[in-house]
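Here's the structure we're looking at; comments come further down.
Bear in mind that the values in this text are calculations on the coordinates, not laboratory data. Quantities reported herein were computed from a predicted structural model and do not represent experimental measurements. Note that each Cβ is placed from the backbone with ideal geometry, even for glycine, and that neighbours are counted across all protein chains shown.
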Amino acid sequence: MDTGLPAPPHRRRSATWIIYMGVITHFTFACAITWMWCGSTSNRAITTVVLIGTFATASAGCVSLAIGTGCRRGGRPIFYAKNQDRTWVPYVSLLTPGRVAAGPLFGAVLLTPLIALLFSRHGGPTQLEIVAFVVYSIVANGAMWLSYRSVRDYHRGVALETR
């Protein structure tokens with residue numbers, strides 16, 4: 001299916017932006033943890049903005065994954081990415097249900113130092129930070145659940161088609 005072109009097959013879209021969103025999400029968590037460790041005692045308002053920005057970016061990363069794994073046109077995936085052998089394959093085929101299911105666990109690992117530092121440096125979250133965290137939890141976990149279902153259903157469908 002490799003066309004030799006730098007673009008995915010006809011009427012399909014590149015999943016590059018979804019991959020970049022995942023990288024940006026992890027970078028944002030790293031920056032937020034660094035801020036909480038190094039500079040958070042200097043200004044509480046900046047800390048609130050950093051936390052809300054982190055939650056918003058992480059939510060956007062989870063939603064982009066749900067879009068990338070769940071969008072279909074005519075029953076076929078829309079988003080494609082290059083495989084290790086440089087051929088265009090459906091983005092959803094590069095993921096496994098187990099990897100997607102591990103996403104919220106990895107997110108919890110990233111949240112642990114943020115929450116611990118928030119309590120140690122500021123005595124706990126503000127009401128705005130609590131609301132932002134609840135919204136983030138609902139949006140991110142809902143999007144990850146949709147991603148999990150899409151990846152699981154895709155792989156089940158591929159298994160049925162090969163029989």
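Could you estimate the translational diffusion coefficient of the chain from the Stokes-Einstein equation, with Rh from the Kirkwood formula over C-alpha pairs, at 10 °C and 1.306 mPa s, in whole µm²/s?
Details: Rh = 17.3 Å.
Translational diffusion coefficient: 92 µm²/s.
All other residues with a Cβ under 14 Å from the Cβ of I115 taken together, and with Lys, Arg as +1 and Asp, Glu as -1, what is their net charge? Before the final figure, lay out the partial values.
Values: positive: R121; negative: E129.
Value of the local net charge: 0.
Mind listing the long-range amide H neighbours of F79? Cut-off is under 5 Å, sequence gap 5 or more, other chains count too, H placed in the peptide plane at 1.01 Å from N.
For F79, the qualifying residues are R13, Y91.
If R₀ is 30 angstrom, what is the calculated FRET efficiency for the pair Q127 and R156, using the beta carbon separation as r and rounding to 0.05?
Values: r = 43 Å, r/R0 = 1.44.
That pair, Q127 with R156, gives E of 0.10.
According to a simple spin-label model (label point 7 Å from Cα along Cα-to-Cβ), what is the distance in nm between W17 and F119?
Rounded to a tenth, the inter-label distance reads 3.9 nm.
When ranked by the protection proxy of mean other Cβ atoms within 10 Å per residue, highest first, what sequence do the peptides 87-98, 58-69 form? Write down the numbers at each step before the final one.
Working: 87-98: 18.2, 58-69: 23.2.
Per-residue mean Cβ counts within 10 Å order the peptides as 58-69, 87-98.
Across the range 109-123, in residue order, what do the Karplus-derived ³J(HN,Hα) couplings come to in whole Hz, using 6.51 cos²θ - 1.76 cosθ + 1.60 with θ = phi - 60° and x for Gly and Pro?
5, 6, 6, 4, x, 4, 5, 4, 5, 4, 6, 6, 9, 10, x
List the trypsin sites (Lys or Arg not before Pro) within the range 20-129 that DSSP assigns to loop and that have no more than 15 neighbouring Cβ atoms inside 10 Å.
In loop regions of the range 20-129 (DSSP not H, G, I, E or B), the sparsely surrounded trypsin sites (Lys or Arg not before Pro) are R86.
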